[in-house]
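Notes follow the structure.
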Amino acid sequence: MNRFLSPCALVLALVLAGAGCIHAPAGKNDTADARHHVMQQLLQGVAGSIQQDLDKLDATVSLAAHNLGATGLSGPEVDGILRSIVSSHPCIHTAITYDANGTVRAAEPADVKVIIGSNLLDQENVQQAIATKEPLMSEYFALAEGGEAVSITHPVFSSNGEFLGAVSMTFSPSCLVAPYAGEAMGYAPVIVNVAQQDGRILYHPDRALIGKPTFNETTFASFPGVLALARRYADERSGYATFSFYRTGTDVVVEKEAFWDTVGLHGTEWRVMVIGER
């Protein structure tokens with residue numbers, strides 16, 4: 001927990017939360033400054049933890065791609081490599097290999113082996129991976145079996161440099177974020193929101209909002225401040241903004257403020273926000 005707040009800041013957060021200051025209007029500069037300091041400390045901790053997890057997931061897929069260069073894309077050894085990917089983090093859904101033509105050669109866990117032999121070239125991420133032969137992290141997509149996912153893909157090259165195909169792993173972004181968001185929200189009356197640059201929500205304590213596109217979602221249509229915030233974080237990797245929206249879990253409209261920062265992999269960026277009432 002100390003990765004989120006220093007001991008002094010933690011005491012401050014508890015005092016502010018107990019006194020209700022984070023919800024109070026910023027009538028005094030010292031009150032606003034204290035509230036902002038806590039929010040920024042929490043943001044730093046949440047964003048740093050998410051980035052560490054993304055880096056670890058990426059390293060796991062990168063190592064698998066290296067090993068697959070020696071084993072090829074199918075067979076008992078490959079199944080073992082894919083199982084090790086799936087078991088490396090509780091938020092991982094699947095791991096697959098596909099060849100240079102986009103045909104699935106191996107898949108784990110067992111219940112996704114039915115896709116072996118299927119061609120995935122109709123998927124934009126597969127097209128990109130084969131065309132660029134570079135690592136990539138996809139944007140959000142809905143799983144056919146239900147739930148949400150993001151994929152991390154690495155190219156596989158043989159020992160003599162021949163492009164064989166790719167190894168791809170899918171994971172739940174909301175599952176990844178939830179422990180760190182929950183920890184931060186336990187310190188002070190704030191919420192954590194994570195979104196893609198295009199405004200699609202990857203994590204929110206209101207699970208009904210996960211996967212929603214901010215710019216086309218009726219929930220936000222009556223709140224121009226929310227749309228203005230989304231337009232800003234689309235272009236700005238970090239910042240601060242104010243807006244009006246419902247108090248979480250109620251139909252009461254309140255004034256809010258948000259600090260945001262950026263995490264990501266291979267050019268795909270997520271905006272991580274800590275939001276509190278003014």
Residues in the range 56-76 that are among the hydrophobic types (A, V, I, L, M, F, W, C), closer than 17 Å to LEU164 by Cβ and in a helix (DSSP H, G or I) total 6
Taking the range 49-64 and keeping residues buried (at least 16 other Cβ atoms within 10 Å of the Cβ), under 17 Å from the mean Cα position of the chain (by Cα) and of a type outside the set (Val, Ile, Thr) leaves SER49, GLN51, ASP53, LEU54, LEU57, ASP58
Only one of (1) under 30 Å from PRO179 (Cα atoms); (2) modelled with pLDDT under 95; (3) surrounded by 14 or more Cβ atoms within 10 Å (Cβ to Cβ) does not apply to LEU143, and that is (3)
Taking the range 77-128 and keeping residues assigned to a loop (DSSP other than H, G, I, E, B) and either farther than 28 Å from GLN52 by Cβ or of a type in the set (S, T, N, Q) (or both) leaves SER87, SER88, ALA100, ASN101, GLY102, ILE116, GLY117, SER118, LEU120, LEU121, ASP122, GLN123
For the range 180-206 the number of residues that are free of Cβ contacts under 8 Å to residues at least 40 places away in the same chain and in a helix (DSSP H, G or I) is 3
Of the residues in the range 162-206, those that are within 12 Å of the chain's Cα centre (by Cα) and among the small types (Gly, Ala, Ser) number 5
Given (1) in contact with a helix residue (DSSP H, G or I) (Cβ under 9 Å, 6 or more places away or on another chain); (2) free of Cβ contacts under 8 Å to residues at least 24 places away in the same chain; (3) of a type outside the set (D, E, K, R), VAL263 misses just (2)
Problem - Some residue of the range 42-55 being within 21 Å of GLU148 (Cβ to Cβ), assigned to a strand (DSSP E or B) and in contact with a helix residue (DSSP H, G or I) (Cβ under 9 Å, 6 or more places away or on another chain) - result: no
Practice problem: Return yes when ILE81 is buried (at least 19 other Cβ atoms within 10 Å of the Cβ) and within 26 Å of GLU269 (Cβ to Cβ) and no when it is not. | Solution: no
How many residues of the range 65-76 are closer than 22 Å to SER118 by Cβ and exposed (fewer than 14 other Cβ atoms within 10 Å of the Cβ)? The answer is 2
Residues of the range 137-163 being in contact with a helix residue (DSSP H, G or I) (Cβ under 8 Å, 6 or more places away or on another chain) and either outside any strand (DSSP E or B) or of a type in the set (Val, Ile, Thr) (or both), in sequence order, are SER138, TYR140, VAL150, ILE152, THR153, VAL156, SER158, SER159
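The values are calculated or read from the model by the stated rules, or taken from the named source; none is laboratory data. As the structure is a prediction and not an experimental result, all values here were calculated from the model. Ideal geometry is used to build each Cβ from the backbone, glycine not excepted, and the neighbour counts take in all protein chains shown.
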